[in-house]
Structures are given as C-alpha cells and as structure tokens.
Amino acid sequence: MAHKITLLPGDGIGPEVVQATVKVLEATGVSLDWEVFDKTGTDALEEFGTPLPDVILDSIRRNKVALKGPITTPVGGGFKSVNVTLRQRLDLFANVRPCKSLPGIETPFENVDLIIFRENTEGLYSGIENYDERLEIADTIARVTRAGSARIIRFAFEYARREQRSLITLVHKANILKKAGAMFLEIGRDVAPDYPSIDMNDRIIDNMSMQLVMYPERYDCIVTTNLFGDILSDLCAGLVGGLGVVAGANIGENCAVFEAVHGSAPDIAGQNKANPTAVLRSAVMMLRYIGESTAADAIESALQAVYTEGKTLTGDVGGTSSTTEFSAYLADRVASLVRQ
Ligand code: NAI
Ligand code: MG
C-alpha cells in the first residue's frame, strides 16, 4: 500500500531540492502518494490571505507525515514564521538534527557524529512579545514549561538509548537565566538517573559553542532549549560540511514533519546550484519513521558512495555539479542498489 505523505516544496531553493529528493525517493521503488501544497508563506498569503492555510495542517494531521522544503520568513516584521507556526500548531516538540561527517568533504574534523535535540515549541519562540511605543521598550518572553522541558529531555534520553549512544550534554544558560535555564537543568538532573546506560553532563551555551568548534569528538547528544538548539544546529552543520548536508525531523506525539536545517537560501535560489543532500537525508529519516528502512539504507549507501567518489557533488561541498546532475547520478546509484 502507498504511504500518503504531505509534501510542502516551500520557496527559495525549496522546490529545487525537494524535487531532487523526490526523484531519488522514486528510485527506491517505495510507493509514496504525495499530497502536494505548492503555496506556503508569501505565495499562500497572496493567494489565500494566510501564509499557512488550514488545509495544510489538516493534511498533515490526516497523513501524519510530511516532507517539507524551507519557507522564507520576513525579517523584522511581516507574518509569523510558517515553520515555527507548523511546529507549534502540530505540537512537534522534538527537533532532531543529526550532524554526521560524510566522506569526501574537506572539514576540520573527520568523524563528527552529534545529534542535537532542540525543544521546538517554546522558549524565546513562544510568540509572547510586546513593544511599548511610549516607553520604547521591546519584550520577548522566553516561556519554558516544566512539562515541555521534561518531554524533550525524556525524548532525547529515549532516543539516545535506542541508538545506543552514551552521553547527553544538556546545554543552558542557567547562570543568567535563573528561572527558565535553571528549571531546564534541574529537570535534566531529575530525569538522567532513569537512564543508567547514558551519562549526562551540562555546559553553559557560550562555553559549549567554543567546545564544539575545538573538540567535537568529546560530545555525543545535545539537548537544549529552542534558540540555543537553533544556533548550535547551524554551528554543528558547519563542522560537517555546511547547511547543504544536515537533516532534521520535527516530531510530535501524533505526527512528524521532516525538513533540512537550512533555510530558503535566496542567494542561490533558482540557479540549480543548491545541495539537496540535507532534504534527502531528512527524507531518509522519514523513511525510517514510516518503516521503510531498506529504502533508507539504500539511499544512505548511495550517498556514502557518491560522496566518497567525489566526482558528482554540488558547489557547496567542493564539486561542480548542479542540483539536477547530482540527484540524477544519485538516483541511478539508488536504483542499482535496490535491484541487487
Ligand atoms: P539559509 O539556511 O537559507 O542560508 C544560509 C547560507 O547557507 C546561504 O549562503 C545559503 O546559500 C547556504 N545554503 C543553505 N542551504 C543550502 C543548500 N541546500 N545548498 C547549498 N547552500 C546552502 O539561511 P538564511 O539565509 O539565514 O535564511 C534565508 C531564509 O530562510 C530566511 O527567510 C529564514 O527565515 C528562512 N529559514 C527557513 C527555515 C525553514 O524553513 N525551516 C530554516 C532557516 C531559515
Ligand atoms: Mg535555524
């Protein structure tokens, strides 16, 4: 039976990298029935008067799984981020972002293998903001709840146990954020003893940023609040070859939306230059989520092979191929692996 999946190509480089990903997914032979919504964000606002029409949320709730390209968010005003709204409305509280070295890309470190667990619905993304015109004071509230903290921390420990990982580093700023930060850390310390096979330590965010660019091999899994997780994700992407290669999953109790860490990259949009690997690796996470692990394995093996070979890669990782050349080459590899 076909898996019915909501597909949001997004904007900017989104449609290019999503199309490339769909091509590679087709090569696996897994039957995927896409429910496509071409218009989100600015495009949807123009046509439907809202950047995130309810039909999209309904589709994801019904299908329980979505694959998503990036969606541009206006800076400093305009509509609220569609990406954040999706995560909050669907209660996709866990943002999982594995940062693992690929062969054939020149990076300062060889064997980086980190997983970031970012709390995905609260913190500084709470949307509780106010600007007092008279006093010229801007407030943005970082709302952290006990329940919200406990569920992401437990999620990280459960995931780490399943994947046989040995260390979780809880990242915070509890020296300064004596309420929100302190509670997050306290909950971590309460939960950790329930998982005797996993060690937990903690780091203050500023130190952690330095540690990660100097000694990434000392770390394994990272659990943190929303904004710190956002920033560390891009930092860790930088350790393994950049935003073109790092995948992500937004997971809730009832559904999941798979998307890359990167945004819509307006600087290279429409040029057939973007690297689809990040969205493709997100799709690999999606295949595992829906139980299609053979297809997921095939794509991962093909990626390893094509990166090791290093002849058909996009510019961001040192190659000269276009998005479509890379994906066509990869799709052929996947197809031949599947036939074996
Ligand atoms: P970005 O992630 O779009 O781009 C940062 C840099 O990385 C750019 O130089 C870009 O060319 C490069 N890059 C990103 N993805 C790449 C890929 N697949 N292949 C090759 N190079 C790639 O971040 P930026 O420029 O800060 O944000 C652009 C827009 O994207 C903003 O409107 C932002 O709000 C939105 N955004 C959306 C996200 C989402 O949909 N989940 C996540 C992050 C940002
Ligand atoms: Mg980000």
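For the range 196-224, how many residues are of a type in the set (Gly, Ala, Ser) and within 16 Å of ligand 2 (Cβ to nearest atom)?
Residues of the range 196-224 that are of a type in the set (Gly, Ala, Ser), as a first pass: 197, 209.
Those still in the list that are within 16 Å of ligand 2 (Cβ to nearest atom) too: 209.
Counting residues in the range 196-224 that are of a type in the set (Gly, Ala, Ser) and within 16 Å of ligand 2 (Cβ to nearest atom) gives 1.
Looking at (1) more than 11 Å from ligand 1 (Cβ to nearest atom); (2) open to solvent by less than 10 Å² (accessible area, probe 1.4 Å), find the lone condition where VAL257 falls short.
(1)
Looking at this structure, is GLY270 open to solvent by 60 Å² or more (accessible area, probe 1.4 Å) and over 28 Å from ASP91 (Cβ atoms)?
Numbers: open to solvent by 60 Å² or more (accessible area, probe 1.4 Å): yes; over 28 Å from ASP91 (Cβ atoms): yes.
Criteria met by GLY270.
Would you confirm, using the coordinates I've provided, whether GLY242 is open to solvent by 10 Å² or more (accessible area, probe 1.4 Å), touching a residue at least 24 places away in the same chain (Cβ under 8 Å), on the phi > 0 side of the Ramachandran plot and within 16 Å of ligand 2 (Cβ to nearest atom)?
Values: open to solvent by 10 Å² or more (accessible area, probe 1.4 Å): yes; touching a residue at least 24 places away in the same chain (Cβ under 8 Å): yes; on the phi > 0 side of the Ramachandran plot: yes; within 16 Å of ligand 2 (Cβ to nearest atom): yes.
So GLY242 passes the test.
Residue check: is THR28 surrounded by 22 or more Cβ atoms within 10 Å (Cβ to Cβ), in the same structural domain as ASN250 (by TED's automatic domain parsing) and polar (S, T, N, Q)? Explain how you work it out, then say what you get.
Values: surrounded by 22 or more Cβ atoms within 10 Å (Cβ to Cβ): yes; in the same structural domain as ASN250 (by TED's automatic domain parsing): yes; polar (S, T, N, Q): yes.
Yes.
With LEU235, LEU227 as the choices, which residue is free of Cβ contacts under 8 Å to residues at least 40 places away in the same chain, within 16 Å of ligand 2 (Cβ to nearest atom) and not charged (D, E, K, R)? Give the derivation first.
On the way: LEU227 fails: free of Cβ contacts under 8 Å to residues at least 40 places away in the same chain.
None of the other options fit; the residue is LEU235.
So is TYR215 modelled with pLDDT of 95 or more, away from ligand 1 (no atom under 16 Å from the Cβ), open to solvent by less than 40 Å² (accessible area, probe 1.4 Å) and more than 19 Å from HIS262 (Cα to Cα) or not? Before you say what the answer is, go through the steps one by one.
Values: modelled with pLDDT of 95 or more: yes; away from ligand 1 (no atom under 16 Å from the Cβ): yes; open to solvent by less than 40 Å² (accessible area, probe 1.4 Å): no; more than 19 Å from HIS262 (Cα to Cα): yes.
Criteria not met by TYR215.
Mind checking whether some residue in the range 288-310 is under 22 Å from LYS68 (Cβ atoms), near ligand 1 (Cβ under 9 Å from one of its atoms) and more than 12 Å from the chain's Cα centre (by Cα)?
Residues of the range 288-310 that are under 22 Å from LYS68 (Cβ atoms), as a first pass: 288-293, 295-296, 299-300, 303.
Next, only the ones that are near ligand 1 (Cβ under 9 Å from one of its atoms) stay: none.
Scanning the range 288-310 turns up no residue that is under 22 Å from LYS68 (Cβ atoms), near ligand 1 (Cβ under 9 Å from one of its atoms) and more than 12 Å from the chain's Cα centre (by Cα).
Does LEU235 meet the test of being part of a helix (DSSP H, G or I) and open to solvent by 30 Å² or more (accessible area, probe 1.4 Å)?
Working: part of a helix (DSSP H, G or I): yes; open to solvent by 30 Å² or more (accessible area, probe 1.4 Å): yes.
The answer is yes for LEU235.
Any residue in the range 175-190 that's assigned by TED's automatic domain parsing to the domain that holds ASN207: show its pairings with residues that are assigned to a helix (DSSP H, G or I) and open to solvent by 60 Å² or more (accessible area, probe 1.4 Å) at Cβ separation under 7 Å, as long as the two are six or more apart or on different chains.
MET183/ARG146; ILE187/ARG146
Six or more apart or on different chains, Cβ under 9 Å: which pairs go from a residue in the range 252-269 that's within 13 Å of VAL18 (Cβ to Cβ) to one that's polar (S, T, N, Q) and open to solvent by 40 Å² or more (accessible area, probe 1.4 Å)? Could you list them?
That search, which allows pairs on different chains as well, returns SER264/THR72; SER264/THR73.
How many residues does the range 304-324 contain that are within 16 Å of VAL18 (Cα to Cα) and surrounded by 16 or more Cβ atoms within 10 Å (Cβ to Cβ)?
Of the residues in the range 304-324, the ones within 16 Å of VAL18 (Cα to Cα) are 314, 322-324.
Pick out the ones that are also surrounded by 16 or more Cβ atoms within 10 Å (Cβ to Cβ) and you get 314, 322-323.
Adding up the residues that qualify gives 3.
Need pairs with beta-carbon distance below 6 Å; first residue on the phi > 0 side of the Ramachandran plot and within the range 270-283, second outside any helix (DSSP H, G or I) and of a type outside the set (A, V, I, L, M); sequence gap 6+ or separate chains.
Correct list of pairs: ASN272/SER322.
Just wondering, is there one or more residues in the range 67-88 that are more than 16 Å from ligand 2 (Cβ to nearest atom) and under 18 Å from the mean Cα position of the chain (by Cα)? Give the derivation first.
So in the range 67-88, the residues more than 16 Å from ligand 2 (Cβ to nearest atom) come out as 67, 76-79.
Those still in the list that are under 18 Å from the mean Cα position of the chain (by Cα) too: 67.
Yes; the residues of the range 67-88 include at least one that is more than 16 Å from ligand 2 (Cβ to nearest atom) and under 18 Å from the mean Cα position of the chain (by Cα).
If you check SER322, SER293, SER301, which single one turns out to be of a type in the set (S, T, N, Q) and out of contact with any helix residue (DSSP H, G or I) (no Cβ under 8 Å at 6 or more places or on another chain)?
Details: SER293 fails: out of contact with any helix residue (DSSP H, G or I) (no Cβ under 8 Å at 6 or more places or on another chain); SER301 fails: out of contact with any helix residue (DSSP H, G or I) (no Cβ under 8 Å at 6 or more places or on another chain).
From the options SER322, SER293, SER301, the qualifying one is SER322.
Return yes or no: is ALA174 open to solvent by 10 Å² or more (accessible area, probe 1.4 Å), in contact with a helix residue (DSSP H, G or I) (Cβ under 9 Å, 6 or more places away or on another chain) and assigned to a loop (DSSP other than H, G, I, E, B)?
Numbers: open to solvent by 10 Å² or more (accessible area, probe 1.4 Å): yes; in contact with a helix residue (DSSP H, G or I) (Cβ under 9 Å, 6 or more places away or on another chain): yes; assigned to a loop (DSSP other than H, G, I, E, B): yes.
It is true that ALA174 is open to solvent by 10 Å² or more (accessible area, probe 1.4 Å), in contact with a helix residue (DSSP H, G or I) (Cβ under 9 Å, 6 or more places away or on another chain) and assigned to a loop (DSSP other than H, G, I, E, B).
The values are calculated or read from the model by the stated rules, or taken from the named source; none is laboratory data. Owing to the predicted nature of the structure, the values given are computational and were not obtained by experimental measurement. For neighbour counting, all protein chains shown are included, and Cβ atoms are generated from backbone atoms with ideal geometry for every residue, glycine included. Note: accessible area is taken over every heavy atom of the protein model, side chains too, but ligands, DNA and RNA are not part of it. Shrake-Rupley method; radii C 1.70, N 1.55, O 1.52, S 1.80 Å.
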